[in-house]
Amino acid sequence: MFFREANPAGFILFKRNCEGPDQVRALVRELRATVGRAEAPVLIDQEGGRVARLQPPHWRAYPAPAALGALGGARAREAVRLVARLIADDLADLGITVDCLPVLDVPQPGADPVIGDRAYAGDPAGAARLGRAACEGLLEGGVLPVIKHIPGHGRAKVDSHHALPRVTATRAELDATDFAPFRALADMPWAMTAHIVYTAVDADAPATLSPLVIRDIIRASMGFDGVLVSDDLSMNALGGPIGARASRALASGCDLALHCNGDPAEMAAVAGAVVPLTPDARRRLDRAEARRGAPAALDRGAAEARLEALLGGAAA
């Protein structure tokens, strides 16, 4: 079997992989069995709103992050944390251990709507505050958060799924806005890169493929020393053969190269191009996994009732 031979560090699930709870639990067990590692991370994008791989009728639909942020103040923070805690409960029940949440991007005027309501707030402080609440909810539920899209996707004028964005803001502007929430949450266990060129740092390469961005901004300036995973390598923002994209992402400083479209030929090309985990990558993965504790007790019914009260505007 491909996975047994390729021995990936972990797996990511999409809507196409998730038919029902029993099926997903079995799939997760089988994936880990193929690599012989019960702790192999299994990721998913479960943000709420339009990015939700687990959907009704088997799983609850959650509001978009922006809708939660719009509640304002302490109500927003409690709602964000509660939604993340409920999402973690959904994921832990399935054996999924890593959620690609929260989005810390700060949308700017004129930006492409690809981020839009996936962002919690339109200001760096709000994004950081609510992003931390989401991380706390996930961690309380035994699921590791992934802050994304580091170092910031909020200014992109094109969707990186389709083309390569170029951000021309100055370093001072980036530090004050786009980069700020990621710096504030640099203690989190995982982060996902942005396929974006920041001309003030590296005029040629997108962050995912830029040693300058990864070394000087993400690792040094922001102080992030968690697991750094690329965004999907098959997105059209990146050029060149898929195997070269993977090897270049790792050589540039990503710990993991993420491939998502399920195309067998591309999967084989990626597997043939990458190298084993570096000692630093192994250390970061192990440290992240050690941070994932058993879920705290949760009264699901009470939590859902409280969320409905918050969303409905009832007294806090």
query = Fully extended, how many nm does the chain gain between Asp263 and Leu277 (0.36 nm per residue separation, minus their Cα-Cα distance)?
reply = 2.8 nm
remark   = Length gained, Glu308-Ala244, 0.36 nm per residue minus C-alpha separation, equals 18.3 nm
message = Let me understand the stretch 2-312 better: what is its radius of gyration from the alpha carbons, and its Dmax, in angstrom?
response = 18.3, 52
task = Please report the Cα spread of the stretch 173-282 along all three principal axes, rounded to whole Å, starting with the longest.
result = 42, 29, 19
message = Restricting to DSSP H runs of at least four residues, report the calculated mean residue ellipticity at 222 nm for the chain, -39500 (n - 2.57) per run over all residues, nearest 500 deg cm²/dmol.
response = -11500 deg cm²/dmol
request  = Filter the trypsin sites (Lys or Arg not before Pro) in the stretch 100-190 down to the DSSP loop ones having no more than 13 other Cβ atoms within 10 Å, then list what survives.
outcome  = Lys157
remark   = For Ala74 and Ala251, extending 7 Å from Cα along the Cα-Cβ vector and measuring point to point gives, in nm, a value of 5.4 nm
key: Stokes-Einstein translational diffusion, the stretch 27-107 - Kirkwood Rh over all Cα pairs, 1.306 mPa s, 10 °C, in µm²/s   = 115 µm²/s
message = Taking 22 Å as R0, compute the FRET efficiency from the Cβ-Cβ separation of Ala294 and Ala125 and round it to 0.05.
response = 0.10
query = Where the centroid of each part is defined by its Cα atoms, how far is the stretch 159-220 from the stretch 257-279 in Å?
reply = 23 Å
task = Can you check what the net charge comes to around Asp117, using other residues whose Cβ is under 14 Å from the Cβ of Asp117 (Lys, Arg +1; Asp, Glu -1)?
result = -1
note = Those trypsin sites (Lys or Arg not before Pro) from the stretch 1-75 that are DSSP loop and have at most 16 other Cβ neighbours within 10 Å turn out to be Arg37, Arg50
task = Grab the Cα-Cα distance for Asn236 and His161, subtract it from 0.36 nm times how many residues apart they are, and report the gain in nm with one decimal.
result = 26.5 nm
task = Counting other beta carbons within 10 Å of each Cβ, put Ser230, Ser221 in order, fewest first.
result = Ser221, Ser230
ask   = If we count other beta carbons within 10 Å of each Cβ, what is the order of Leu68, Leu130, Leu185, fewest first?
value = Leu185, Leu130, Leu68
query = What does the charge count near Val167 come to, summing +1 for each Lys or Arg and -1 for each Asp or Glu among other residues with Cβ under 9 Å from its Cβ?
reply = +2
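Coordinate-derived values only; no laboratory data. These numbers were taken from a predicted model, which means no experiment stands behind them. We place every Cβ from the backbone using ideal geometry, glycine too, and count neighbours over all the protein chains shown.
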